[in-house]
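Below is one structure, written out as structure tokens; the observations come after it.
The values are calculated or read from the model by the stated rules, or taken from the named source; none is laboratory data. Note that the structure is predicted; figures quoted are calculated from it, not measured. So basically every Cβ, Gly included, is an ideal-geometry build from the backbone, and we count neighbours across all protein chains shown.
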Amino acid sequence: MTQTFTPRVFSGIQPSGGLTLGNYLGAIKRFVDMQDDGHFETVYCMVDLHAITVWQNPENLRRNTRELCAGFIAAGIDPEKSILFNQSQVPEHAQLAWIFNCVARMGWMKRMTQWKDKAGKNSENASLGLFGYPALMAADILIYHATHVPVGEDQKQHLELTRDIAAKFNNDFGIEFFPITEPVIEGVATRVMSLRDGLKKMSKSDPSDMSRLNMTDDADAIVKKIKKAKTDSDPLPDHLEGLDGRPEARNLVNIYAALNDATTQSVIDEFSGQLFGGFKPKLAELAVEKLAPISSEMSRLMEDTSEIDKILIRGAERGRELAAPILQKTYDIVGMLR
Ligand code: AMP
Ligand code: TRP
């Protein structure tokens, strides 16, 4: 018998400080689109348990969790329409993760490129949590029986592992209990690149602040960073292939398209033949129009965080309502007596 699952979206972001344009275009903006699409139930989470797989100063962690929540809301996540909360407050995530630690194999984990990148040569000294991180991520998704997970390109391998864990659990216990989740890695901005190097991902951990737009940047900072962004001296091409081998040019065109809900082709059609000296001010204007209201709403929400705290408490209650019965059913399947 094939079980049918409610169309449900889950995604998470780590509250480890600083939200970039990459997080916005690659994740949050798409979360808002899926919320407003009306086809899905949407569950969005600040994954604080994931954040502590590397050291977090407790005071900063609290602040960053609230700031991330403010970012979600300022960007258009409606806490009535979506379930919005921080991971640690729905303990079923960690409980299911334990079960999945016993399903996933060491070899699967060792192959994760994010583990290899983050642990590096010093893997003996990395936390056990960092190694097990993808099993917790699978639990985040599957504790809601989520069917769709919007993420950026860098999370693709973790989502494949989530599918493997679901399939192995279903197979081990001979029951089709967990859905085989679909990754949603779509759109022109699933990989926003650094403004200083078109071959590097835009990241909050890049030492140069000029390499990224932060969601908290004001209009002046946005304009300055786009003006200084690395480009080449050729005009914009008249067809897409003309961006091949021009990673910085492609990145700026993609950013323009994503901010404007347009395709790369339509941006090319509009600007072909123009030099970056002409294109950049247009991009800066668009970026300010779209991002400055988000950053000012974020600062407003951060002035008095009691509203955010209330939203998180209510979100966690709603999360638990969905998660608790699925955990109980999982325990029953595994053979835990109650
Ligand atoms: P992180 O900040 O690494 O926890 O990422 C949160 C979400 O933002 C994930 O879905 C990532 O895939 C996405 N993301 C982070 N950086 C980028 C980027 N440069 N381009 C596109 N998506 C990104
Ligand atoms: N690993 C994701 C990241 O670093 C964050 C994350 C945790 C997540 N759990 C998730 C994303 C579940 C999607 C679904 O970006």
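Let's see how each residue does on (1) more than 13 Å from the chain's Cα centre (by Cα); (2) over 22 Å from ALA258 (Cα atoms); (3) in a helix (DSSP H, G or I); (4) near ligand 2 (Cβ under 10 Å from one of its atoms):
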site: SER11; (1), (2), (3), (4): no, no, no, yes
site: GLY17; (1), (2), (3), (4): yes, yes, no, no
site: ALA27; (1), (2), (3), (4): no, no, yes, yes
site: ASP36; (1), (2), (3), (4): yes, no, yes, no
site: CYS45; (1), (2), (3), (4): no, yes, no, yes
site: ARG63; (1), (2), (3), (4): yes, yes, yes, no
site: LEU68; (1), (2), (3), (4): no, no, yes, no
site: GLY71; (1), (2), (3), (4): no, no, yes, no
site: PRO79; (1), (2), (3), (4): yes, yes, no, no
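Across the stretch 219-272, what is the number of residues that are part of a loop (DSSP other than H, G, I, E, B), within 28 Å of the chain's Cα centre (by Cα) and touching a residue at least 40 places away in the same chain (Cβ under 8 Å)?
Restricting attention to the stretch 219-272, the residues satisfying the condition of being part of a loop (DSSP other than H, G, I, E, B) are 229-239, 244-246, 260-263, 272.
Retained after the next criterion (residues that are within 28 Å of the chain's Cα centre (by Cα)): 229-231, 244-246, 260-263.
Still in the running and touching a residue at least 40 places away in the same chain (Cβ under 8 Å): 229, 231, 246, 263.
Looking only at that region, the number is 4.
Given the criteria under 16 Å from SER11 (Cβ atoms) and away from ligand 1 (no atom under 16 Å from the Cβ), does LYS81 qualify?
Values: under 16 Å from SER11 (Cβ atoms): yes; away from ligand 1 (no atom under 16 Å from the Cβ): yes.
Judged against the criteria, LYS81 is a match.
Scan (1) more than 11 Å from ligand 1 (Cβ to nearest atom); (2) within 20 Å of VAL47 (Cα to Cα); (3) in a loop (DSSP other than H, G, I, E, B) for the single condition ASP140 breaks and write down its number.
(3)
In the stretch 17-69, which residue that is within 17 Å of LEU213 (Cα to Cα) and among the aliphatic types (A, V, I, L, M) is farthest from ligand 1 (Cβ to nearest atom)?
From the stretch 17-69, those within 17 Å of LEU213 (Cα to Cα) are 17-29, 67-68; that's our starting set.
Filter once more, so that each one left must be among the aliphatic types (A, V, I, L, M): 19, 21, 25, 27-28, 68.
Numbers: LEU19: 7, LEU21: 8, LEU25: 6, ALA27: 4, ILE28: 8, LEU68: 9 Å.
Going through the qualifying residues, I end up with LEU68.
Is it the case that the stretch 177-193 has a residue that's over 26 Å from ASP261 (Cα atoms) and either of a type in the set (Asp, Glu) or not assigned by TED's automatic domain parsing to the domain that holds GLY12 (or both)?
No, because not a single residue in the stretch 177-193 is over 26 Å from ASP261 (Cα atoms) and either of a type in the set (Asp, Glu) or not assigned by TED's automatic domain parsing to the domain that holds GLY12 (or both).
Name the pairs whose Cβ atoms lie under 7 Å apart, with the first residue in the stretch 130-158 and more than 23 Å from THR190 (Cα to Cα) and in contact (Cβ under 8 Å) with a residue 12 or more places away in the chain, the second assigned to a helix (DSSP H, G or I) and within 15 Å of ligand 1 (Cβ to nearest atom), and 6 or more positions between them or separate chains?
Hits for this filter: LEU130/TRP115; LEU130/LYS118; PHE131/TRP115.
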